[in-house]
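J.: Structure in structure tokens, see below.
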């Protein structure tokens, strides 16, 4: 009986990661550890992507500081502990929104543009706690576009900065990746308005491409068709992405903007 050799798809990319672990003494010790979460997430994404994506953390750098916010403010152990105990004490802007980390400062302080341009890394992971001001995902680089957050224009090839909360687990990390995939595929297929309408609860939408047909069948990262908000199985959703979509999801430079 002849052997049945199954030819596995080659990885779309081995993506090299710089992980910045913002963790201070006030963070509860029982919360997740960045190195463990990184390892578990890497393995989960190998499986979810059908081996189309293999992450390779190049460096996990421990940063015993709170991120500086875009307006220059910064928590200390006492003020962050107050915010954790009572969200009303969290730092907010004049509109009442939680403050966001100064991404340009992070990029500058850790020489990320140089590392991206020299192809030392392909992606950045930011680990932090509640109220640290990280987006679930954000794109940076030349002609950076919406990736579940406003694009950050920088003089380098496009790359994604993921924001992970070590109070949570791998499921939430996959959820964040799902938003990244949605945004990039929406740009790739010109389906940004369709995705917004789907999130807005509009029904009877008419798809104009394969991604929009897929969204109607599988739903968004938040909601399965006919389901409730945040009831989606994120791992199953990511696993169902079409194989030929993984390259632009991983490398946003393949998206024409």
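J.: How many percent of all Cα-Cα pairs in region 167-247 sit more than 15 Å apart?
T.: Above the 15 Å cut-off, region 167-247 has 54 percent of its Cα pairs.
J.: Can I ask one more? If you take every DSSP beta bridge whose two residues both sit in the chain, what share of them, in percent to the nearest 5, is antiparallel?
T.: Beta bridges within the chain, antiparallel portion: roughly 20 percent.
J.: Then there is this: Could you work out how far helix 170-189 tilts from the main Cα principal axis of the chain, as a 0 to 90 degree angle to the nearest 10?
T.: That works out to roughly 60 degrees.
J.: If you average 1/r over every pair of different alpha-carbon atoms in region 3-120 and take one over that average, what Kirkwood value in Å do you get?
T.: 17.3
J.: Ratio of region 122-257's C-alpha Rg to 2.2 N^0.38 Å, to two decimals? Provide the component values of the computation, followed by the final result.
T.: Details: Rg = 14.6 Å, N = 136, 2.2 N^0.38 = 14.2 Å.
With N residues counted in region 122-257, Rg over 2.2 N^0.38 Å equals 1.03.
J.: Continuing with this model, one more query. Translational D (Stokes-Einstein, µm²/s) of the chain at 10 °C and 1.306 mPa s when Rh comes from the Kirkwood sum over C-alpha pairs? Walk me through the numbers before you get to the answer.
T.: Numbers: Rh = 19.4 Å.
After rounding, the answer is 82 µm²/s.
J.: Let me ask something else. Sorted from largest down, what three extents in whole angstroms do the Cα atoms of region 211-251 have along their principal axes?
T.: Each principal axis gives a Cα extent; for region 211-251 these are 31, 19, 13 Å.
J.: Could I ask something else about it? Per DSSP H run of n ≥ 4, the term is -39500 (n - 2.57); total these for the chain, divide by its residue number, and report the mean residue ellipticity at 222 nm rounded to 500 deg cm²/dmol.
T.: Working: 9 runs with 85 residues, N = 257.
The helix-only estimate for the chain comes to -9500 deg cm²/dmol at 222 nm.
J.: Evaluate Rg over Rh across region 72-200, taking Cα atoms for both radii and Kirkwood's formula for Rh. Walk me through the intermediate numbers first.
T.: Working: Rg = 15.9 Å, Rh = 16.0 Å.
Taking Rh as the inverse mean 1/r over Cα pairs, Rg/Rh reads 0.99.
J.: Also, quick follow-up: For the chain, modelled as a Gaussian network with Cα springs under 10 Å, which listed residue fluctuates most, 135, 110, 166?
T.: Among 135, 110, 166, the largest mean-square fluctuation in the Gaussian network model of the chain belongs to 110.
J.: Right, another one. Any idea what the relative contact order of region 13-254 is, in percent, if you count C-alpha pairs under 8 Å spaced at least 6 apart?
T.: Value for region 13-254: 20 percent.
J.: A further question follows. Provide the percentage of antiparallel DSSP beta bridges, counting only those with both residues in region 100-208; round to the nearest 5. Could the numbers behind the result be given before it?
T.: Numbers: 4 of 12 bridges.
Given both bridge residues lie in region 100-208, the antiparallel proportion sits at roughly 35 percent.
J.: May I pose another question? Could you work out the pair-distance distribution P(r) of region 16-75 from its alpha-carbon pairs, with 10 angstrom bin width and percents rounded to whole numbers?
T.: Reading the bins upward from 0: 19, 40, 28, 12, 1.
Rule-based calculations on the coordinates, nothing more; no lab input. On a predicted model such as this, the values are computed, not experimentally measured, just so you know.
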